[in-house]
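The values are calculated or read from the model by the stated rules, or taken from the named source; none is laboratory data. All figures in this text were calculated on a predicted structure; none of them were measured in a lab. Ideal geometry is used to build each Cβ from the backbone, glycine not excepted, and the neighbour counts take in all protein chains shown.
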Amino acid sequence: MTAETIIQSLASGLLMGLLYGLIAVGLALIFGLMDVVNFAHGEFLMIAMYATFFLFAYFALDPLLAAPIVAAALFIFGAVVYLFIVRFAVRAKANTGMVQIFSTFGLAVLMRGLAQYFFTPDYRSITTSWLGGKTISIGGIYLPEPQLVGALIAIAAFAGLYFFINRTDFGRALEATREDAGAVALVGIDKNRVFALGWGLGAALVGLAGAVMAIFFYVFPDVGASFATIAYVTVALGGFGSVFGAFAGGIIVGLVEAVTTLVLPASLKTVGIYGVYLLIVFIRPRGLFGSI
Amino acid sequence: MDKAFASRRRRDLIVAACITAVAALVPLFVKDVYVQNIMVLTLMYAALSQSWNILSGYCGQISLGHALYFGLGAYTTALLYTKFGVLPWFGMLAGGLVSAVIAMALGYPCFRLGGHYFVIATIVIAEIALVLFQNWDWAGAALGIDIPVRHDSWLTFQFTRSKLPYFYFALVLAGIAWFVTWWLEDSKWGYWWRAVKDNPVAAESLGVVVFNSKMGAAAVSAFLVAIGGAFYAQFVSYIDPESVMGFQFSLLMALPAVLGGIGTLWGPMLGAVILIPLTELTRSYIGGSGRGVDLIVYGGLIIAISLARPQGLVSLFARKPKPVAAVVKEAVAS
Amino acid sequence: MTSLLETRNITQRFSGLTANSNVSISVGRGEIVGLIGPNGAGKSTLFNLIAGAFRPTEGTIIFDGEDVTDLPAAERCQRGIGRTFQVVKSFESMTVIENVIVGALVRNTVMREARRKAHEVLQFCGLDARADVRASDLVPSEKRRLEVARALATEPKLLLLDEVLTGLTPVESQKGVELVRRVRDTGITVLMVEHVMEIVMPLVDRAVVLDLGKVLLEGKPTEVVRDPKVITAYLGDRHAVGA
């Protein structure tokens, strides 16, 4: 193992980490907004990937072009999920925590079943795209182009999100609703509208990630499951309630994954990530930057 | 007032005894092996879910990683038998003890975690264990363990020609899980668990050592689930990490309780009786080649129940609430 | 006769804020002591420190001759300190009697005994008729009484009441005051944090006034109420009389 291999590994880990962060930030946003963990988050990613694939298969649209379309579609989907399912789940008077967990869980299972039924369990992949399979050399390090562009999109998305939350009116409404959903009605903010838009935004971010990942990952009904767990771990590691935490968590997870692959057999890859999660959370029960 | 309570307790016991008696007679009339198989699985999941319910329903610590204990039970039995010739009956107990100890060892750091962090930790720990077993050569790694079936025997708890012994064992296990729950419900532990679930801070102020009660619930729950796992190993005679420690088991232990009513005495039983046959039947008649219909049914059912009846289906059998006028009158009088 | 509860030089600091500064108070057996003071005086902090919600930054707490400073809340309850919460924390999914049984289990580990004790306490607090009602279905004043009943079931030597009389109707307050008197009559010492002066002053034997984290004054309610320092603390300088 040379220094080169290690740097190479860390570099790709960093890129993947930024993508994980992009996947996780939607989850963090939704949680920060209304204290609900979207257990169907992996499935949101899955349909984003399928959407990208079908836009490619039927319209020969490159994933990069499809990305904004997929993000928009996921935005609508996220808002719909809130309005038709989650809104009722949070109203439950009994067992509120469990209802919330199981309702989005049920959605995840349902979506996976629907995907298997309509799309079959076959693995799909986007065979030709602008970035697919290409690498670029930066300072002697070879970086896969899809992941590189994905990482850049992730950074742009984070910057955009930061700006949006802190500098725009809607962003402030989001924050206000997060702090006190009951009180905002008094200032004329429709809590349901804010929540729906929050869900939409969170889903749209995952949509972007899905579009990029469809370039270099196989698309199949259960693909969401593996990334979902990583997303939860990422958010929890960074701390629930912190968007920045999701970003930091993603980078950590990406790097840990890269390092683990260097020292342990590939099959133990997840052990590294999960082990780090446990370690961090045992020392800091609210994750690194968590407020909840 | 106490008389009403005592009679309710007795009634539950009598109903359980009657149901058990009736259930015991069923295999004498139902000879179809396929149906018998479903019945065995239903009873097993009823037992598993009832046990899961102790920690996650009564004590409120939701675990989505209980497959760990199921798998530990299965592996302990299988390994002790195939490597050391230890009879499954002892293997079962060993599996139960190992799981209880591990549950407490994990509880020590995990119970400090709140809500979502805890749930994710349970998921992650089970996954780590799965991966470790997949890489553990002595335990068969990904290929798993084949339990050699020699001849039908209660000693080695193996039966090839009939499912009936498995049926009765599963019935007894379900009965034990139910009985343990019934007993603990009106005990110090039961009250502490429910207090911890509803409001741990208030519970502390009333002398409940929250940490200890969580540990107790974890140990009992893990022990029983492990025995279920040991049973499963003997039932299918072949285990591998994915088939006994996979996430689907964690899910299948939780769902019947969610459907029937988390934290209730009868909930997991009711849920299992509805969910498991439904799953198996949809899978065979419509599902077939993994086309996801069973998942669609599952998912739809879970969503429907969580939204429409979060207290679970048992609430349909609860006593009708008193009319408003009577409640108001009482409040004014006191 | 030694006091039942003594706090010695309690100082509590939360990152940058000193909530309690060198607070030393004592509560004698059988007394009803009122802990009063304007908002932000540090009453709740002191209250929670005595109850064991957290450890003081400095100082010790002696209860019944024993240093309990390092004991967590559950153990303090076992030693004989019972408390209510300002924002009622009933066990919502459990019935009234089940709530109280949880408290009774501290000293009555046999279920039958715990149940009997719970009924006794409910009768004492006037809630026996509502025994099988779910806590979530109670009206606010009943929930308050349930808080007290639950704490009483732990058979405390010292009962800490956190604003149990605040926000009640006149009729409810009177009943509440009677309840507190009856509690003391059974031999339990009471330390109560309160805001509503007119109700509390006739009830307590002694009042301790906190202001800005320190003990301002303590003494008989009639004296404390007239003290110019206390009036200033509550109403501001302009209202000070003959300072």
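Condition check ((1) at pLDDT below 80; (2) among the acidic types (D, E); (3) more than 22 Å from the chain's Cα centre (by Cα)) across all residues:
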residue	(1), (2), (3)
A:G160	no, no, no
A:E175	yes, yes, no
A:E179	yes, yes, yes
A:V184	yes, no, yes
A:V206	no, no, no
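Within the stretch B:214-222, identify whether any single residue is under 24 Å from C:I81 (Cβ atoms) and at pLDDT 95 or above, and answer yes or no.
yes
Would you point out which residue out of A:G224, A:G249, A:G239, A:G287 is more than 28 Å from A:D122 (Cα to Cα), within 13 Å of another protein chain (Cβ to nearest Cβ) and at pLDDT 90 or above?
Just a single option satisfies the conditions, and that option is A:G249.
Exactly one of (1) farther than 27 Å from B:A141 by Cβ; (2) of a type in the set (A, V, I, L, M); (3) surrounded by fewer than 24 Cβ atoms within 10 Å (Cβ to Cβ) is unmet by A:I215. Its number?
Among (1) farther than 27 Å from B:A141 by Cβ; (2) of a type in the set (A, V, I, L, M); (3) surrounded by fewer than 24 Cβ atoms within 10 Å (Cβ to Cβ), A:I215 violates only (3).
So which of A:L61, A:L65, A:L83, A:L55 is outside any helix (DSSP H, G or I) and either more than 17 Å from the chain's Cα centre (by Cα) or charged (D, E, K, R) (or both)?
A:L61
Collect the residues in the stretch A:137-158 that are loosely packed, with under 14 Cβ neighbours inside 10 Å, at pLDDT below 90 and either touching a Leu at 6+ places or on another chain (Cβ under 6 Å) or not hydroxyl-bearing (S, T, Y) (or both), keeping them in residue-number order.
A:I138, A:G139, A:G140
Condition test on A:V90, is it among the aliphatic types (A, V, I, L, M), more than 7 Å from chain B (Cβ to nearest Cβ) and under 18 Å from A:N192 (Cβ atoms)?
Yes; evaluated as a whole, the condition is true for this residue.
Within the stretch A:124-159, which residues are touching a strand residue (DSSP E or B) at 6+ places or on another chain (Cβ under 7 Å) and either part of a strand (DSSP E or B) or of a type outside the set (D, E, K, R) (or both)?
A:R124, A:S125, A:T135, A:I136, A:Y142, A:L143, A:P144, A:L148
Just one of (1) over 30 Å from B:Y285 (Cβ atoms); (2) buried (at least 23 other Cβ atoms within 10 Å of the Cβ); (3) away from chain A (no Cβ under 14 Å) trips up B:Y45, so point out which.
(1)
Would you mind telling me which numbered condition in (1) within 27 Å of C:Y234 (Cβ to Cβ); (2) at pLDDT below 95 C:E58 fails?
Looking at each condition in turn, C:E58 falls short on (1).
Say we look at the stretch C:12-30 and pick out the residues that are closer than 19 Å to C:L216 by Cβ and surrounded by fewer than 17 Cβ atoms within 10 Å (Cβ to Cβ); which of these is modelled with the lowest pLDDT?
Per the criteria, the residue is C:L17.
From the list A:M34, A:M49, A:M98, exactly one residue is over 30 Å from B:C59 (Cβ atoms) and not hydroxyl-bearing (S, T, Y). Which is it?
Unique residue meeting the criteria: A:M49.
Does B:Q234 satisfy the criteria of being buried (at least 18 other Cβ atoms within 10 Å of the Cβ), in contact with an Asp or Glu (Cβ under 8 Å, 6 or more places away or on another chain) and either within 14 Å of another protein chain (Cβ to nearest Cβ) or in contact (Cβ under 8 Å) with a residue 24 or more places away in the chain (or both)?
no
When the residues of the stretch B:130-151 are narrowed to those that are within 14 Å of chain A (Cβ to nearest Cβ) and aromatic (F, W, Y), which ends up surrounded by the fewest Cβ atoms within 10 Å (Cβ to Cβ)?
Looking at the filtered set, the residue picked out is B:W136.
Quick one: which residue in C:A73, C:A104, C:A41 is buried (at least 22 other Cβ atoms within 10 Å of the Cβ), of a type in the set (A, V, I, L, M, F, W, C), at the interface with another protein chain (Cβ under 10 Å from one of its Cβ atoms) and touching a residue at least 24 places away in the same chain (Cβ under 8 Å)?
None of the others qualify; the one that does is C:A104.
Looking for whichever is more than 22 Å from the chain's Cα centre (by Cα) and either closer than 20 Å to B:A230 by Cβ or surrounded by 22 or more Cβ atoms within 10 Å (Cβ to Cβ) (or both) here; the options are B:T76, B:T156, B:T181. Which one fits?
From the options B:T76, B:T156, B:T181, the qualifying one is B:T156.
Listed residues C:V209, C:V121, C:V148, C:V190; which is modelled with pLDDT under 95 and on the phi < 0 side of the Ramachandran plot?
None of the other options fit; the residue is C:V209.
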